[in-house]
Amino acid sequence: RINSFTVGSDGFIYVVGCDQSGYTTPYYGIFFLKFDSNLDLVWAKKLTSDRTLPFFTASTLYKNELIIAGGIRNSGYDGFFSILKLNASTGDLVMRNTWTVGAENLIAKEVYVQNDTILLAALMNTNSTDYTSNNKTMPALLKFGMDGRFLSALRFRGYAGVNHFHSREIDANNSFTRTDDGKFVFATQAHNLWAAQGITTWKFDTNGKL
């Protein structure tokens, strides 16, 4: 399945997705495709994993590198989160950094580069298997160095939906965007666990100031 795509200023199209290969290890794969403006395939790459089906759901281009963010979510266990870099010309893997996300599910929504810092707009919720108060999702902003080093993270409190990330990998009722002045806007159809409560919008800077 396709999880993310990016179109470069030169017209090239980059696609990121995942698949399940069968009943022998490695069971899962992350694939990367590059097409030209005529939709002819330029290159295809794949990474394999023996962990639960990965979802790399955010990507961007920066200085001939394809920066990709996503995670691997396990129901009832810790998840894993990665930042990848691919050479946009060849598709070769340049960098891969992975972290454990203890008892949390983190979904990459958008990734940007600003002031030589990788900024990841994401959703986070606790890894709950029932409809409890721990199942609220919250918008988050994570910062990484260009070498993939984790720098900082912030998370806003409040409802952003009630879907389980291990059964629905992307909450459909929300969206991030970045404004021309470098700030972020997050909009969602808020819930109180059982019923929609209208539209809620946050606007904040890279330090989390509303």
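When the residues of the range 165-179 are filtered to those that are among the charged types (D, E, K, R) and open to solvent by 20 Å² or more (accessible area, probe 1.4 Å), which remaining residue is modelled with the lowest pLDDT? Working first, answer last.
Step one: filter the range 165-179 for residues among the charged types (D, E, K, R), giving 168-169, 171, 178.
Imposing the further condition that a residue be open to solvent by 20 Å² or more (accessible area, probe 1.4 Å) reduces the set to 168-169, 178.
Details: ARG168: 39, GLU169: 36, ARG178: 85.
The selected residue is GLU169.
Results for (1) of a type in the set (Ser, Thr, Tyr); (2) at pLDDT 85 or above; (3) touching a Lys or Arg at 6+ places or on another chain (Cβ under 6 Å), shown as yes or no for each residue.
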| position | (1), (2), (3) |
| --- | --- |
| VAL16 | no, yes, no |
| THR25 | yes, no, no |
| LYS34 | no, yes, no |
| GLY76 | no, no, no |
| PHE80 | no, no, no |
| TRP99 | no, no, no |
| ALA103 | no, no, no |
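If you take the residues of the range 129-164 that are part of a loop (DSSP other than H, G, I, E, B) and within 16 Å of ALA69 (Cα to Cα), which of them is modelled with the highest pLDDT? If you could, list the steps in order and put the result at the bottom.
Residues of the range 129-164 part of a loop (DSSP other than H, G, I, E, B): 129-132, 136, 146-149, 156-164.
Checking the rest, the ones that are also within 16 Å of ALA69 (Cα to Cα) come to 146-149.
Values: MET146: 93, ASP147: 90, GLY148: 89, ARG149: 89.
Among residues in the range 129-164 that are part of a loop (DSSP other than H, G, I, E, B) and within 16 Å of ALA69 (Cα to Cα), the one modelled with the highest pLDDT is MET146.
Being open to solvent by 40 Å² or more (accessible area, probe 1.4 Å) and either modelled with pLDDT of 80 or more or under 20 Å from ASN3 (Cβ atoms) (or both) is the filter here, so list the residues in the range 180-210 that pass it.
Those that are open to solvent by 40 Å² or more (accessible area, probe 1.4 Å) and either modelled with pLDDT of 80 or more or under 20 Å from ASN3 (Cβ atoms) (or both): ASP180, ASP181, LYS183, LYS203, ASN207, LYS209, LEU210.
Since ASN115 meets every condition but one in (1) at pLDDT below 65; (2) open to solvent by 70 Å² or more (accessible area, probe 1.4 Å), which condition does it not meet?
All conditions are met except number (1).
Tell me whether the range 55-62 contains one or more residues that are open to solvent by less than 50 Å² (accessible area, probe 1.4 Å), modelled with pLDDT of 90 or more and more than 22 Å from LEU154 (Cα to Cα).
No; the residues of the range 55-62 include none that is open to solvent by less than 50 Å² (accessible area, probe 1.4 Å), modelled with pLDDT of 90 or more and more than 22 Å from LEU154 (Cα to Cα).
The values are calculated or read from the model by the stated rules, or taken from the named source; none is laboratory data. Predicted model, so just to flag it, every value in this text is computed and none were measured. Note that each Cβ is placed from the backbone with ideal geometry, even for glycine, and that neighbours are counted across all protein chains shown. Each accessible area value is taken on the protein alone, full model and side chains, heavy atoms only, with ligands, DNA and RNA left out. Shrake-Rupley method; radii C 1.70, N 1.55, O 1.52, S 1.80 Å.
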